[in-house]
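Below is one structure, written out as structure tokens; comments come after it.
Where a number appears in this text, it was derived from the coordinates with a stated rule and is not lab data. Owing to the predicted nature of the structure, the values given are computational and were not obtained by experimental measurement. Positions of Cβ are backbone-derived with ideal geometry, glycine not excepted, and every protein chain shown enters the neighbour counts.
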Amino acid sequence: MSRTAKATLGFVSLCTVATIYFVHYSQQADKDLMHMGVVRDEERQKQRKERTLELERQQALEAALKQSQSVRQT
């Protein structure tokens, strides 16, 4: 095999390995990014549920206070 053919084969092999590595790395990065989206959504849902529960507690407290006190509407 000539020196040029060996160099071409080596270059093409190197490019192939680099392409495969890049595609694998890119897929893994995309997968990690999508998973972070799921984690963020779960955290948002948890915070929303906590805020809803706090609102319900505050509304119940307000109703109890209104019943125990006479408050005039102005």
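So the values come out like this:
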{"quantity": "Debye log10 I(q)/I(0) at q = 0.24 Å⁻¹ for the chain, Cα point scatterers", "calculated": "-1.02"}
{"quantity": "Spin-label model distance (nm) - Glu54 vs Val39, 7 Å beyond Cα toward Cβ", "calculated": "2.3"}
{"quantity": "Angle in degrees between helix 3-68 and the longest Cα principal axis of the chain, rounded to the nearest 10", "calculated": "0"}
{"quantity": "Whole-angstrom gap from the stretch 6-21 to the stretch 27-48, using each part's C-alpha centre", "calculated": "36"}
{"quantity": "Evaluated at q = 0.16 Å⁻¹: base-10 log I(q)/I(0), Debye formula over Cα of the stretch 1-44", "calculated": "-0.58"}
